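K.L.:
Got a structure for you, written out below as structure tokens; questions coming shortly.
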Amino acid sequence: MTANKTKDEIDGEEEPMIVTLEFDDGTEIETEAMGVFEVEGKEYIALIPDDDSDDVYLYGYQETGEDEFELVDIEDEAEFDKVVAEFDTLMEEE
């Protein structure tokens, strides 16, 4: 999955960046990028769905070109737990 914004553009934008997630079952969800953050030298992105739920989707974030990035599934449970903990800490600070 790719999109056409860099990390700095996401973090500094006034208008929300919309990312469409497509799941294995074909379901698509529109999400808004909250921002990119770092955990142990890797970058991650937080996405919130446009469906009035309290869900947050966390993915690995890799820039693939000048104005493009790729979302990477976090498959390791320990890594995911660290990402969630850092995300929670960032949300408490705001």
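Just so it is clear, none of the values below were taken in a lab; they were calculated from the coordinates. This one's a predicted model, so the numbers in the text were calculated from it and none came from an experiment.
K.L.:
Computed over the Cα atoms, what is the radius of gyration of the chain divided by 2.2 N^0.38 Å, N being its residue count?
P.N.:
1.04
K.L.:
Suppose only helical runs count, i.e. DSSP H with n ≥ 4. What mean residue ellipticity at 222 nm does that imply for the chain under -39500 (n - 2.57) per run, divided by all residues and rounded to the nearest 500 deg cm²/dmol?
P.N.:
Counting only the DSSP helices, I get -7500 deg cm²/dmol.
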